[in-house]
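The values are calculated or read from the model by the stated rules, or taken from the named source; none is laboratory data. Quick caveat: nothing in here was measured; it's all calculated off a predicted structure. Don't worry about glycine lacking a Cβ; one is built from the backbone with ideal geometry, like all the others, and counts go over all protein chains shown. Heavy atoms of the whole protein, side chains included, go into the accessibility calculation; ligands, DNA and RNA do not. Shrake-Rupley method; radii C 1.70, N 1.55, O 1.52, S 1.80 Å.
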Amino acid sequence: MLRELFPEVDVSEADACSEAVALREEPFDLILLDLNMPGAHGIEGLDTIKDAFPACPVVVVSGEEEADVIRSAVTRGAAGFVPKTARPEVMLGALQLILAGGVYLPPQVLGPARDLPGSHHEPKSLLGTLTERQLEVLRKALKGAPNKVIARELDISEGTVKSHLSAAFRALDVRNRTEALYSAAKLGLRL
């Protein structure tokens, strides 16, 4: 399907998780992972692949569509989750979004759009209350970077990182990174 969607793409394939890890010296722009491939052991396969390819976005493509599996994949650092039942045009859109730095989650996980408490404005306007630095910290956090790494990369203290994340979580009306990721995806925040 990838070759049909992107005729110019160079695709490498692995029949097992160990074969995929053996390719870790290759430069990849994107990795698609089936949680049920041999040796993947479900969601733990994502950890294995993320460890082997820390700088590469990993997209889970799976026949499992349960919300807890999808949440777990995103919490563990997946750049997106595309059900195997997705139509080719949905797959294309999802991969383009992810390659542009966004996160793709299937509509059934996002649920219907909801009004955010205390606001009758467009939800995106809530992000407008954040400073550029707060948005930068939020983006790094939603890409899976730990507070210590964010602090080092931005040359700020971990306390400042926590303060910026608290402000972002308040603006999004969420309590943690996982909820923030879902909310940011709904709002179309590019990571």
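Overview of values
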{"quantity": "All positions within segment 72-85 that are more than 10 Å from the chain's Cα centre (by Cα) and at pLDDT below 85", "calculated": "72"}
{"quantity": "Near pairs, Cβ below 9 angstrom, 6+ apart or cross-chain, from segment 25-53 (among the hydroxyl-bearing types (Ser, Thr, Tyr) and modelled with pLDDT of 90 or more) to any residue that is in a helix (DSSP H, G or I) and open to solvent by less than 60 Å² (accessible area, probe 1.4 Å)", "calculated": "48/17; 48/20; 48/21"}
{"quantity": "Residue match in segment 81-91 (condition: touching a residue at least 24 places away in the same chain (Cβ under 8 Å) and open to solvent by less than 10 Å² (accessible area, probe 1.4 Å))", "calculated": "yes"}
{"quantity": "Filtered residues of segment 150-186 (kept if assigned to a helix (DSSP H, G or I), closer than 17 Å to residue 132 by Cα and free of Cβ contacts under 8 Å to residues at least 24 places away in the same chain)", "calculated": "150, 151, 153, 154, 160, 162, 163, 166, 169, 170"}
{"quantity": "Restricting segment 151-188 to residues that are closer than 24 Å to residue 97 by Cβ and among the hydroxyl-bearing types (Ser, Thr, Tyr), the residue that is surrounded by the most Cβ atoms within 10 Å (Cβ to Cβ)", "calculated": "183"}
{"quantity": "Helices (runs of 4 or more DSSP H) contained entirely in segment 1-83, each with at least 2 residues that are in contact with a Phe, Trp or Tyr (Cβ under 6 Å, 6 or more places away or on another chain)", "calculated": "67-75"}
{"quantity": "Members of segment 153-173 found to be hydrophobic (A, V, I, L, M, F, W, C) and at pLDDT 85 or above, listed by number", "calculated": "154, 156, 161, 165, 167, 168, 169"}
